Amino acid sequence: MRKEIHGEELMNKLVALCKRRGFIYQSSEIYGGQANAWDYGPFGTELKKNIKDYWWKKVVQERDNVVGLDSAIIMHPKTWEASGHLANFNDALIDCKVCQARYRADHLIEAASGEDMEGKSETEMTGLIKEQGINCPNCGKREWTDARAFNLMFKTYQGVVEDSSNEVYLRPETAQGIFVNFKNVLDTCRVNLPFGIAQIGKAFRNEITPGNFIFRTREFEQMELEFFVKPGTDEEWFAYWREFTMNWFVELGVSPERLKFNDHSPEKLSHYSKATTDLVYHFPFGWEELWGVANRTDFDLSSHMESSGKKLTYFERELEQHIIPYVIEPSLGADRALLAFLVDAYAEDEVDGKTRVFLDLHPQLAPVKVAVLPLTKKEELQELARGIYDQLKTDYNVEFDLSGSIGKRYRRQDEIGTPYCVTVDFDSIEDQQVTVRDRNSLEQDRIPIKEVKSYLWERIKA
Ligand code: ATP
């Protein structure tokens, strides 16, 4: 029986496990740590890579009409003028005059009254905070500055001279790299509408209130698809990709009851969007956005066309005319996805009267697929086990571990989510058989060594 663990307790246990087992470390820890920045350790790196690979497989590799891209982080500054980020990519910042704590005004109001703040001006929010008598969550006082717009883009300088003509920005989303390459892809690849361009890469936002572990950070990774379609078919494709997001998580074992859609009401839509949905997940700190799906219409291509003077149109043969495609954008944070998978996978049960911690990760995602464990350090056992390990490691990430008691080694593999352990014991030398232990059920199968590779392949690749 799995234990019920929720909220803060679950989050604390997860953060501790991430540190203990080499998934996620505090960034720059030896210098006291850089707040709200995290480094992925060996197992976290594998997990994140598997998440990104699976996304790529389902979004790019298995489709005829989606191609990949890897564009630069520092783009021409005009990009951000055209995209609207310079003017509109703001959050409303408000300070407590007494304790100097800093908040997002929209978050304060939403937490106090549940009122949706999307589209509200800073002046309106200042008024609402006063009207609703909202106290500072830190010191309890009610002395606020006015809310003011704070642009979330990281600004820096390119080259040796630090003046305004050399100002550049770290991209706050990967999407714009796709839009500015639209014509390049059109001219060099055989793509016809509908088609998509996908990209995985870092994005940077100077968030006012980062936090909740890796949920909201200032540097993060996005997996974005811009799917170009004929205007008029956009609503259909929007529905298709909306559905896709939920299925992607469910296929990877995430509990459907912890996922739901949050469809934005028309007043809540961003300046570029005709329709937006968030796939939200029930994190230990509440229902929060995981994957945003937006119908961005022809906003981005039109703006870049106007700003650059270049033609970013598509020749539609049936109509015999140039059109500006509409675009549907599913945008998923790799780090947020990873946190959702970890939250969903964290489990405790009782084995032989003791608590056992394990990560019930889908085999596709598990950082280590198989651990090969000789029962003792005896040379013959080690040799036999090494042979199995060498065979398996060409298929996927496998560990060979002979340190400590077998019980301890199982516990370690359980905690990093390894779905199968292959144990080589004294009988193995005689009967050429090994025991394969299943992480979740703890059932053990005795199978011939020559069948191990196919036995595991069937289960892990399934
Ligand atoms: P939020 O409302 O949580 O700030 P957003 O609506 O600004 O998110 P989008 O601009 O739609 O987010 O970005 C697409 C995806 O990128 C999000 O669904 C999320 O998974 C991820 N993401 C956005 N901001 C962050 C961040 N600061 N840290 C980690 N992931 C992020």
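The values are calculated or read from the model by the stated rules, or taken from the named source; none is laboratory data. For clarity, every value in this text was computed on a predicted model and none was experimentally measured. Cβ: placed from backbone, ideal geometry, glycine included. Neighbour counts: every protein chain shown. Accessible surface is based on the protein model in full, side chains and every heavy atom, while ligands, DNA and RNA are left aside. Shrake-Rupley method; radii C 1.70, N 1.55, O 1.52, S 1.80 Å.
The figures follow:
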read-out: Backbone N within the range 301-317 under 13 Å of label point (7 Å from Val67 Cα along the Cβ vector); value: none
read-out: Alpha-carbon Debye profile of the range 320-377, log10 I(q)/I(0) at 0.25 Å⁻¹; value: -1.11
read-out: Sequence-separation-based contact order of the chain, relative, with Cα cut under 8 Å and 6+ spacing, percent; value: 14 percent
read-out: Gain on full stretching of the segment that runs from Glu380 to Tyr31 - 0.36 nm per residue minus C-alpha separation; value: 121.1 nm
read-out: Where the chain is the region considered: accessible area per residue in Å², 1.4 Å probe; value: 48 Å²
read-out: Sparse-neighbourhood loop sites, GluC sites (Glu not before Pro) in the range 18-124 - DSSP loop, at most 16 other Cβ within 10 angstrom; value: Glu62, Glu115, Glu118
read-out: Net length gained if the chain between Glu289 and Thr123 were fully extended (0.36 nm per residue, minus Cα distance); value: 57.1 nm
read-out: Charge sum, other residues only, whose C-beta stays under 12 Å from Leu93's C-beta, Lys/Arg counted +1 and Asp/Glu -1; value: -3
read-out: Debye-sum result for the chain in log10 I(q)/I(0), which assumes one identical scatterer on each alpha carbon, at q = 0.05, 0.06, 0.13 Å⁻¹; value: -0.24, -0.34, -1.25
read-out: Total lysine pairs whose alpha carbons fall under 18 Å of each other in the range 50-148 (8 or more apart, or interchain); value: 4
read-out: At 1.567 mPa s and 4 °C, Stokes diffusion of the range 90-151 via Kirkwood alpha-carbon radius, µm² per second; value: 115 µm²/s
read-out: Cα gyration tensor, the range 368-460 - rounded (a/c under 1.5), prolate or oblate; value: rounded
read-out: Solvent-accessible area of Lys354 with every protein chain in place, 1.4 Å probe, in Å² to the nearest 10; value: 140 Å²
read-out: 222 nm mean residue ellipticity, helices alone, for the chain (DSSP H n ≥ 4; -39,500 (n - 2.57); rounded to 500); value: -9500 deg cm²/dmol
read-out: Net +/- balance of residues flanking Ala347 in space, Cβ distance below 12 Å, scoring K and R +1, D and E -1; value: -3
read-out: Hits among lysines - C-alpha to C-alpha of Lys19 under 16 Å, sequence gap 8 or more where chains match; value: Lys48
read-out: Those lysines that a straight Cα-Cα span of less than 18 Å connects to Lys354, excepting residues fewer than 8 apart in one chain; value: Lys3, Lys13, Lys408
read-out: Residues Glu243 and Thr45, FRET efficiency given R0 of 35 Å [Cβ-Cβ distance, rounded to 0.05]; value: 0.70
read-out: Net charge contributed by nearby residues that have their C-beta within less than 12 Å of Leu69 (K/R +1, D/E -1); value: -3
read-out: Segment Phe426-Glu251, length gained on full extension (0.36 nm per residue, minus Cα span); value: 59.1 nm
